[in-house]
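Input: a single structure, listed below in structure tokens.
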Amino acid sequence: MRIGELSKRTGASPRSLRYYEEQGLLTSSRSDAGQRHYSDAAVQRVSLIRQLFDAGMSSRVIATVLPCVDIPGDLGIAEETFTAMMRERDRIDADIARLTETREALDVLIRANSRHRAELSTAARPVTQST
């Protein structure tokens, strides 16, 4: 199938599909006219690549994970894939911890601003005199 058909079947843009090829994640053959042609198996491959991107992996990490799919019976590759996925999980955990700290710092500023706004609101109220 050509790139447009693969795009329709997977929901990935042609630009994304070309990027996947540039990164070595997806392969195609070329017609005499230079058009890309993909096998039916490319649909599942693109689906997996998109899942891995959705899981927060970079194309570099995905390239280390895909051999596990390509050569499923190789224990060494399976171990390398496991290590790469655990490294990515650790990176994501560190990102979450950093974002949590950032949110907590922002919460402190929001509380201080809320107090300040309340003080300004009280100070801005006109004083009514009774006669």
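The values are calculated or read from the model by the stated rules, or taken from the named source; none is laboratory data. Remember, predicted model here, so these are calculated numbers, not experimental data. Neighbour counts are summed over all protein chains in view; Cβ atoms, including those assigned to glycine, are modelled from backbone coordinates with ideal geometry. These area figures cover heavy atoms from the full protein model, side chains too; ligands, DNA and RNA do not enter into them. Shrake-Rupley method; radii C 1.70, N 1.55, O 1.52, S 1.80 Å.
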Item checked: Local electrostatic count, Pro67, Cβ distance below 12 Å [Lys/Arg +1, Asp/Glu -1] -> -4
Next item on the list: Taking amide H positions as placed in the peptide plane 1.01 Å from N, state which residues far from Arg2 in sequence (5 or more) or on other chains have amide H under 5 Å from it.
Entry: Tyr38
Next item on the list: Have a look at Ser114, Tyr19, Gly73 and report the one farthest towards the positive end of the charge dipole of the chain, computed about the Cα centre with Cβ charges (Lys/Arg +1, Asp/Glu -1).
Entry: Ser114
Next item on the list: Just the Kirkwood number for segment 9-128, please: inverse of mean 1/r across all distinct Cα pairs, in Å, one decimal.
Entry: 18.5
Notebook entry, point to check: Tally Lys and Arg at +1 and Asp and Glu at -1 over the other residues with C-beta under 14 Å from the C-beta of Tyr38: what net charge comes out?
Noted result: +4
Margin query: Residue by residue through segment 60-66, what is 3J(HN,Hα) from phi via Karplus (6.51 cos²θ - 1.76 cosθ + 1.60, θ = phi - 60°)? Round to whole Hz and write x for glycine and proline.
Written below: 5, 5, 4, 4, 7, 8, 4
Notebook entry, point to check: Using r as the Cβ-Cβ distance of Gln23 and Ser114, and R0 as 30 Å, what FRET efficiency do you calculate, to the nearest 0.05?
Noted result: 0.05
Notebook entry, point to check: Once both axes come from the Cα atoms, what is the angle between helix 41-54 and the longest principal axis of the chain, in degrees from 0 to 90, rounded to 10?
Noted result: 20
Margin query: Once neighbouring chains are kept in place and the probe is 1.4 Å, which whole percent of the accessible area of the chain is contributed by carbon and sulfur?
Written below: 53
